[in-house]
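Some notes on the structure that comes next.
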Amino acid sequence: MLKKIHIRTKTHEEARDITDEVQQAVAESGVREGFVVIYIPHDAAAVSIHRTLAEADAPQLDRMLDAVNPDRETPEYTKAAFVAPTEVGVVVDGRMVLGDGQRVYFYEFDGPQDRVVYAYVGA
Amino acid sequence: MLKKIHIRTKTHEEARDITDEVQQAVAESGVREGFVVIYIPHDAAAVSIHRTLAEADAPQLDRMLDAVNPDRETPEYTKAAFVAPTEVGVVVDGRMVLGDGQRVYFYEFDGPQDRVVYAYVGA
Amino acid sequence: MLKKIHIRTKTHEEARDITDEVQQAVAESGVREGFVVIYIPHDAAAVSIHRTLAEADAPQLDRMLDAVNPDRETPEYTKAAFVAPTEVGVVVDGRMVLGDGQRVYFYEFDGPQDRVVYAYVGA
């Protein structure tokens with residue numbers, strides 16, 4: 001089952017927690033055991049699953065994305081390519097499996113814009 | 001359905017647009033709504049979905065892959081590992097969903113060689 | 001079919017070859033042609049498919065992960081996010097397709113710990 005999640009980003013760059021929206025898509029699919037593909041159809045946005053940004057020791061993808069560029073001004077399309085447009089998870093007992101502290105983040109690199117996330121849930 | 005796409009790379013390093021070949025594999029599968037796994041079975045090659053390289057503001061993965069190495073001479077196998085051997089997309093109306101400007105690229109890091117790309121289309 | 005692979009890491013950071021465990025999960029699934037999703041439900045661990053570490057010219061993800069951080073002390077959660085929690089492969093003739101020299105590695109960034117790997121095999 002395919003679900004489209006609509007997002008309105010608010011700033012030029014942001015990391016938006018979309019875990020709840022993805023879990024809702026999985027729940028609506030009725031799949032109990034399977035997988036979920038999360039795809040971002042935008043060349044200046046991306047998706048990543050990592051430790052929650054709510055903690056002080058959160059991952060700092062933004063700092064690293066600038067650090068890897070010799071000019072220290074990494075273009076939005078390169079950032080999106082490095083973070084990647086796809087993540088895939090597994091579904092157990094009707095929910096996407098996430099470890100303690102793991103969350104799904106939508107990365108905006110050229111906002112604010114209206115954005116779409118595709119979630120395909122299969123079994 | 002599984003399809004093998006055959007490629008002959010022409011230079012030591014190159015980024016080859018394989019979007020048309022992937023879309024053809026999706027079309028031949030007959031899947032209308034589902035997903036597509038793109039896998040590169042080579043340790044010195046990779047796949048990435050990002051903004052078209054036909055534009056002046058294209059992503060510069062090659063520059064970044066060198067920048068992340070202290071020696072500024074990143075080995076081919078490390079480049080392949082960083083770009084990754086897999087991408088996964090979603091299929092809607094019989095086509096892989098790609099946003100404006102998004103294309104699928106095969107990255108060669110040790111050519112020229114005969115290469116293979118696997119495309120598995122499921123639903 | 002979903003399989004849980006249990007791992008006990010032994011040091012603070014390590015790359016563990018889990019190719020055999022993944023191939024066993026694929027074999028047990030009975031799937032002859034399909035795909036396999038490998039998911040790591042931990043915020044300080046990751047998975048990557050790349051050239052074997054048994055050779056002298058092996059990829060050096062650890063060096064690169066430190067190089068991309070301005071402080072040269074990349075936190076464990078950022079490393080895990082960059083390497084990523086997911087890989088997806090294709091299954092042909094009852095085995096995950098891997099090129100010559102390609103292996104599947106579990107990356108531990110905060111061990112030693114008891115860890116789990118999910119392998120979902122579908123068709």
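The values are calculated or read from the model by the stated rules, or taken from the named source; none is laboratory data. Keep in mind that this is a model prediction, so the values were computed, not measured. Please note: Cβ atoms are built from the backbone with ideal geometry, for glycine as well, and neighbour counts cover all protein chains shown. Each accessible area value is taken on the protein alone, full model and side chains, heavy atoms only, with ligands, DNA and RNA left out. Shrake-Rupley method; radii C 1.70, N 1.55, O 1.52, S 1.80 Å.
Please work out if residue C:123 is among the small types (Gly, Ala, Ser) and over 30 Å from residue A:54 (Cβ atoms).
Working: among the small types (Gly, Ala, Ser): yes; over 30 Å from residue A:54 (Cβ atoms): yes.
Yes.
Within segment C:1-30, how many residues turn out to be farther than 23 Å from residue C:54 by Cα, in a helix (DSSP H, G or I) and open to solvent by 20 Å² or more (accessible area, probe 1.4 Å)?
3
I'm checking my understanding of the structure. Among residues of segment B:58-82 that are more than 14 Å from chain C (Cβ to nearest Cβ) and out of contact with any Pro (no Cβ under 8 Å at 6 or more places or on another chain), which one is modelled with the lowest pLDDT?
Checked segment B:58-82; the qualifying residue modelled with the lowest pLDDT is B:62.
Only one of A:103, A:51 is within 27 Å of residue A:121 (Cα to Cα) and in contact with a Gly (Cβ under 9 Å, 6 or more places away or on another chain). Can you tell me which?
Working: A:103 fails: in contact with a Gly (Cβ under 9 Å, 6 or more places away or on another chain).
Just one listed residue meets the conditions, A:51.
Could you list, in sequence order, all residues of segment C:31-57 that are open to solvent by 10 Å² or more (accessible area, probe 1.4 Å), within 14 Å of chain B (Cβ to nearest Cβ) and of a type outside the set (S, T, N, Q)? Please lay out each step first, then the result.
Filtering segment C:31-57 down to residues open to solvent by 10 Å² or more (accessible area, probe 1.4 Å) leaves C:31-33, C:41-43, C:51-57.
Adding the requirement that they be within 14 Å of chain B (Cβ to nearest Cβ) leaves C:31-33, C:51-57.
Answer for segment C:31-57, where residues must be open to solvent by 10 Å² or more (accessible area, probe 1.4 Å), within 14 Å of chain B (Cβ to nearest Cβ) and of a type outside the set (S, T, N, Q): C:31, C:32, C:33, C:51, C:53, C:54, C:55, C:56, C:57.
Looking only at segment B:93-119, how many residues end up being buried (at least 17 other Cβ atoms within 10 Å of the Cβ), part of a strand (DSSP E or B) and within 12 Å of chain A (Cβ to nearest Cβ)?
Summing the residues that are buried (at least 17 other Cβ atoms within 10 Å of the Cβ), part of a strand (DSSP E or B) and within 12 Å of chain A (Cβ to nearest Cβ) in segment B:93-119 gives 6.
Check segment C:83-91 and report whether any residue there is under 22 Å from residue B:120 (Cα atoms), more than 10 Å from chain B (Cβ to nearest Cβ) and modelled with pLDDT of 95 or more. Reasoning before the result, please.
First pass over segment C:83-91, keeping only residues under 22 Å from residue B:120 (Cα atoms): C:84-91.
Those still in the list that are more than 10 Å from chain B (Cβ to nearest Cβ) too: C:85.
Applying the additional criterion that residues be modelled with pLDDT of 95 or more yields C:85.
Checked against the condition, which is being under 22 Å from residue B:120 (Cα atoms), more than 10 Å from chain B (Cβ to nearest Cβ) and modelled with pLDDT of 95 or more, segment C:83-91 yields at least one hit.
Looking at segment C:63-83, is at least one residue open to solvent by less than 10 Å² (accessible area, probe 1.4 Å), under 26 Å from residue B:75 (Cα atoms), β-branched (Val, Ile, Thr) and assigned to a strand (DSSP E or B)?
Checked against the condition, which is being open to solvent by less than 10 Å² (accessible area, probe 1.4 Å), under 26 Å from residue B:75 (Cα atoms), β-branched (Val, Ile, Thr) and assigned to a strand (DSSP E or B), segment C:63-83 yields no hits at all.
Name the one entry in A:15, A:27, A:56 that is of a type outside the set (S, T, N, Q), out of contact with any helix residue (DSSP H, G or I) (no Cβ under 6 Å at 6 or more places or on another chain) and either without any contact (Cβ under 8 Å) to a residue 60 or more places away in the chain or closer than 19 Å to residue C:37 by Cα (or both).
On the way: A:15 fails: either without any contact (Cβ under 8 Å) to a residue 60 or more places away in the chain or closer than 19 Å to residue C:37 by Cα (or both); A:27 fails: either without any contact (Cβ under 8 Å) to a residue 60 or more places away in the chain or closer than 19 Å to residue C:37 by Cα (or both).
Only one candidate passes the filter, namely A:56.
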